[in-house]
Structures are given as structure tokens and as C-alpha cells.
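Visitor: Below are the C-alpha cells for one structure; questions will follow.
The values are calculated or read from the model by the stated rules, or taken from the named source; none is laboratory data. Everything numeric in this text was worked out from a predicted model, so none of it was measured. So basically every Cβ, Gly included, is an ideal-geometry build from the backbone, and we count neighbours across all protein chains shown. These area figures cover heavy atoms from the full protein model, side chains too; ligands, DNA and RNA do not enter into them. Shrake-Rupley method; radii C 1.70, N 1.55, O 1.52, S 1.80 Å.
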Amino acid sequence: MPYDDSAPQPESASSLDPDRPWFTRRSTLAVAVAALAPLGLAGWLLVEVTSGAGADDGRPPAVALPSAKASSQPRPQGSASPTTAPSLSAGASTSPSPGQLPAKGPLAGRTVVIDPGHNAGNFKHTGEIDKQVDIGTTRKECDTTGTTTNAGYMEAEFTLDVSRRLGAILEAKGVKVVFTHQADRPFGPCIDERARIGNAANADAVVSVHADGVSSGNRGFHVILPAKVKGGAADTAKIVGPSRDLGERIAGNFARTTGSAPSNYVGGGTALVVRDDLGGLNLSTRPKVFIECANMRDAKDAALLTSPDWRQRAAQGIANGIVGFLGG
């Protein structure tokens with residue numbers, strides 16, 4: 001979670017358009033999430049953030065924040081290539097086969113940074129991860145331990161597995177993939193360093209992978225978007241629009257590919273939540289979102305998270321959204 005996990009199995013979202021946010025099409029939405037409460041489509045542009053949501057480096061803001069129409073924002077054009085990307089912050093790790101033959105594929109020359117939430121070693125380094133770091137608007141813990149299922153499956157294990165699957169799918173499209181870490185360090189990286197890695201890579205998109213840890217009965221996925229904030233090193237004005245476009249595409253494709261429904265506890269059925277308290281978003285200068293794939297503390301959601309087949313579908317759904325965002 002960025003604190004960063006029932007009811008019946010969520011209704012299949014196979015009818016959703018994989019490249020457009022389902023909640024902008026009333027007829028499709030009614031089919032895809034008929035089991036959910038009315039979504040109030042006329043007011044979906046106001047994303048209400050309720051208490052109880054997790055996201056690994058903070059708590060939900062107290063107020064709802066208005067959204068911007070993604071369609072009015074141009075897609076970012078990345079300038080980094082496998083041979084010209086700027087040097088990365090310490091701790092960044094590139095995909096397993098960098099620096100060999102030039103990447104080939106429809107998205108060759110594009111860069112995506114994947115941020116596996118938390119680190120399995122954080123539990124052994126609570127002193128280090130509890131230290132405060134500057135996120136521009138305030139100070140927050142370096143990182144958190146993340147959550148676990150009731151059976152002990154760690155969020156950090158889940159996020160790394162899905163992130164690696166996601167990286168493999170993107171590489172097959174020619175994308176240069178950079179990981180913020182691959183459990184190749186004892187703890188962390190801190191949330192400010194995670195943001196710097198994406199910035200230094202001049203990433204076309206950055207996705208932080210998580211699973212939530214709230215009370216049983218809360219189910220479904222949601223995507224966290226950056227709010228417009230300015231303070232210290234934080235200035236998200238240029239990334240709010242592109243990040244919303246990225247988030248909408250990921251949400252629509254994730255629902256379609258996994259069959260999961262939008263969160264029933266945040267986002268008002270849109271699967272989108274705007275937050276101004278996450279260092280990984282506040283300090284990013286590149287389009288970036290977090291995805292909370294399901295709730296680890298709910299038994300039915302946990303059954304999905306612990307399934308290798310479902311994790312592969314989750315990775316595919318995220319990848320499809322990223323590819324659509326990049327124009328591939």
C-alpha cells in the first residue's frame with residue numbers, strides 16, 4: 001500500500017474499452033460495474049478522497065480535489081534513449097539486458113520507470129525507513145514496511161513480482177525499463193530517491209506498484225493521481241494532466257484484463273483518487289501514478305494477489321495502459 005487489501009467476485013470488465021477510461025462512457029460503465037452503487041457520472045470530475053485509503057508514504061488528504069480533463073493535455077514525448085539516457089540516481093537498476101543491442105519494437109526509444117512499492121527488507125530496517133525526508137510540502141518517513149495478507153504474503157513480494165512481469169512485457173515492445181530497485185538493497189529506496197530516479201531517467205511514464213492494506217470487505221483496485229501542489233522541491237503543475245491520462249488508461253485496461261472492479265471504498269467508483277501527500281508523486285517531474293491492485297487484508301482479494309496467473313494479468317493490464325499512453 002502506499003500504506004501504502006468479501007463480497008462476490010468482481011463483475012468481469014471484459015466489455016470495457018481497453019484504451020479509454022470506462023467511466024467516461026455511460027453505457028459501457030453500466031455493463032461493466034452494474035453490481036456497484038450508482039457512480040454519479042455527472043460529477044465524476046470531482047474525485048472524492050475518503051479516509052482509510054493507504055498509499056505507501058502517506059495518508060489521504062482531507063479534501064476532494066478537482067480533476068483536469070486528460071484529453072486536453074498533450075502526451076509527453078520522451079527524449080531518453082537506451083544510449084543517451086542521463087545517469088540515474090544511486091539505487092536505480094535497469095532492465096536485465098541493457099547496453100547490448102539497440103531496443104527494437106514499436107516503442108523503441110521510450111523509457112518507463114517501474115517502482116516496486118516497499119522492500120521486503122524494510123521490516124528489518126525500521127530505524128532507517130522511519131527517518132524523515134523532505135517531500136517539498138512537508139516531511140515524511142523515508143519509506144514504510146507495506147502490508148501483508150493475513151497469511152503473511154508481503155506486499156513487497158507482490159509488487160516486485162508484478163513489476164518484473166510488467167517490465168518483461170514492456171521490453172518486448174522496445175521500451176527501455178528502469179526499476180527503482182529489485183530487492184538488490186537492504187531497504188528502501190526512500191520515497192524522495194524513488195522520485196529522483198524517474199526524473200533522472202527522463203521517463204515517459206512512471207508507475208509505482210502497490211497493494212492496499214485496509215479492513216476486510218474493502219475490495220477492488222484504484223489508481224492514485226498527483227494533485228497540483230507547489231512547495232519546496234515539489235511542483236506538479238506540468239504533470240497533473242499527463243498523469244491523469246496515464247492513470248485513466250491504466251485503470252480501464254486493468255479492469256478489462258483482470259476482471260477486477262474499481263475500489264468500493266475510495267474513488268466513488270471511478271477507480272481514481274487524487275492525493276497531495278505522497279512524496280513519490282509530489283517530487284516527480286515526469287508523468288506518474290500509483291496503482292493499488294487490490295486489498296491484501298481481504299480474503300477474496302488476497303486470493304487474487306497470491307495467484308501467479310492473476311499477477312500476470314495484472315501486469316498485462318498495467319502494461320496495456322502504459323502502451324496506450326505512449327501511443328503504441
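Visitor: Which of the residues belonging to region 126-152 are surrounded by fewer than 17 Cβ atoms within 10 Å (Cβ to Cβ) and farther than 30 Å from A237 by Cα?
Guide: Once the filter is applied, which keeps residues that are surrounded by fewer than 17 Cβ atoms within 10 Å (Cβ to Cβ) and farther than 30 Å from A237 by Cα, region 126-152 yields T126, G127, E128, N150, A151, G152.
Visitor: Evaluate the following for F187: is it farther than 28 Å from A237 by Cβ and modelled with pLDDT of 95 or more? Before you say what the answer is, go through the steps one by one.
Guide: Working: farther than 28 Å from A237 by Cβ: yes; modelled with pLDDT of 95 or more: yes.
For F187, the condition - farther than 28 Å from A237 by Cβ and modelled with pLDDT of 95 or more - is met.
Visitor: Which is of a type in the set (S, T, N, Q), buried (at least 22 other Cβ atoms within 10 Å of the Cβ) and more than 27 Å from E128 (Cα to Cα), of N253, N202?
Guide: N253
Visitor: Say whether the condition of being of a type in the set (A, V, I, L, M) and surrounded by fewer than 24 Cβ atoms within 10 Å (Cβ to Cβ) is met by at least one residue in region 283-301.
Guide: Yes, region 283-301 contains a residue that is of a type in the set (A, V, I, L, M) and surrounded by fewer than 24 Cβ atoms within 10 Å (Cβ to Cβ).
Visitor: A follow-up question, please. Name the residues in region 123-138 that are over 11 Å from F187 (Cβ atoms), touching a Gly at 6+ places or on another chain (Cβ under 9 Å) and not acidic (D, E), would you?
Guide: V133, I135, G136, T137, T138 - these are the residues of region 123-138 that are over 11 Å from F187 (Cβ atoms), touching a Gly at 6+ places or on another chain (Cβ under 9 Å) and not acidic (D, E).
Visitor: Follow-up question, since we're still on this one. Only one of (1) hydrophobic (A, V, I, L, M, F, W, C); (2) within 24 Å of G174 (Cα to Cα); (3) more than 11 Å from the chain's Cα centre (by Cα) is not met by V289, so which one is it?
Guide: Answer for V289: the failing condition is (3).
Visitor: May I ask you to list pairs of residues, at least six apart or on different chains, whose Cβ atoms are under 9 Å apart, with the first in region 120-148 being under 28 Å from L305 (Cα atoms) and the second being open to solvent by less than 50 Å² (accessible area, probe 1.4 Å) and of a type in the set (K, R)?
Guide: D143/R194
Visitor: Are any residues in region 302-324 touching a Ser or Thr at 6+ places or on another chain (Cβ under 9 Å) and either aromatic (F, W, Y) or not in a helix (DSSP H, G or I) (or both), and if so, which ones?
Guide: T306, W310, listed by residue number.
Visitor: Go through the residues of region 221-243 one by one and say whether even a single one is among the β-branched types (V, I, T), open to solvent by 10 Å² or more (accessible area, probe 1.4 Å) and within 22 Å of P287 (Cα to Cα).
Guide: There is at least one residue in region 221-243 that is among the β-branched types (V, I, T), open to solvent by 10 Å² or more (accessible area, probe 1.4 Å) and within 22 Å of P287 (Cα to Cα).
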